[in-house]
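One structure is given below, encoded as structure tokens.
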Amino acid sequence: MRIDYDSTARTIAALTEGESDLVALMATVVCELHHADDRFDWTGFYRVTAPGMLKIGPYQGGHGCLSIPFSRGVCGAAARTGDVQRVDDVHAFSGHIACSATTRSEIVLPVRDADGTLIAVLDIDSDALAAFDGRDADGLAHILAQVFSGRA
């Protein structure tokens, strides 16, 4: 099953309405996203906890890395550059951090608050090569903006 981003965005909006706690919001978003698409093998947030450092937040799937510096991996690249990272083959990505041996492709999006401050990255891994496309980047970005910055 492939995610219906419009429907999922509406569900997430209803579930998160009036909530301001970031961990509660992240946990709800991750749960809805992870169960909405069979391609999503690992779905989670890495939170900005110090300058240049990400720490694991709410997630669904197997264990994730506990800490990721901005200087390493796909998550670090998204945090460092502020750009969506879509990687069709993680083994071809220089500096990829192998938190799971089953991950073949990955999409990571920066998460910003209403002031535009980077607060986290959303990381979604797939056990299939080239699992993600521009539709995923756009749909996920819309949901993140709706929930965390109120700009959707």
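Here are the numbers for the structure shown:
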| item | result |
| --- | --- |
| Residue match in segment 44-55 (condition: aromatic (Phe, Trp, Tyr), touching a Leu at 6+ places or on another chain (Cβ under 7 Å) and modelled with pLDDT of 95 or more) | yes |
| Any chance residue 92 is over 20 Å from residue 25 (Cα atoms), surrounded by fewer than 22 Cβ atoms within 10 Å (Cβ to Cβ), among the hydrophobic types (A, V, I, L, M, F, W, C) and free of Cβ contacts under 8 Å to residues at least 12 places away in the same chain | yes |
| Residue, nearest to residue 110 (Cα to Cα), within segment 40-56, restricted to residues that are buried (at least 19 other Cβ atoms within 10 Å of the Cβ) and of a type in the set (Ser, Thr, Tyr) | 46 |
| Enumeration of residues in segment 25-41 that are small (Gly, Ala, Ser) and within 16 Å of residue 56 (Cβ to Cβ) | 27 |
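Conditions (1) surrounded by 15 or more Cβ atoms within 10 Å (Cβ to Cβ); (2) touching a residue at least 24 places away in the same chain (Cβ under 8 Å), marked per residue:
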position	(1), (2)
9	yes, yes
19	no, no
38	no, yes
61	yes, yes
69	yes, no
82	no, yes
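For (1) out of contact with any Phe, Trp or Tyr (no Cβ under 6 Å at 6 or more places or on another chain); (2) assigned to a helix (DSSP H, G or I), each residue gets a yes or a no:
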site: 48; (1), (2): yes, no
site: 54; (1), (2): no, no
site: 71; (1), (2): yes, no
site: 91; (1), (2): yes, yes
site: 102; (1), (2): yes, no
site: 108; (1), (2): yes, no
site: 114; (1), (2): yes, no
site: 135; (1), (2): yes, yes
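The values are calculated or read from the model by the stated rules, or taken from the named source; none is laboratory data. Computed from a prediction, not measured in an experiment: that's the story for all the values here. Here the Cβ is made from the backbone with ideal geometry for all residues, glycine too, and neighbour counts use every protein chain on show.
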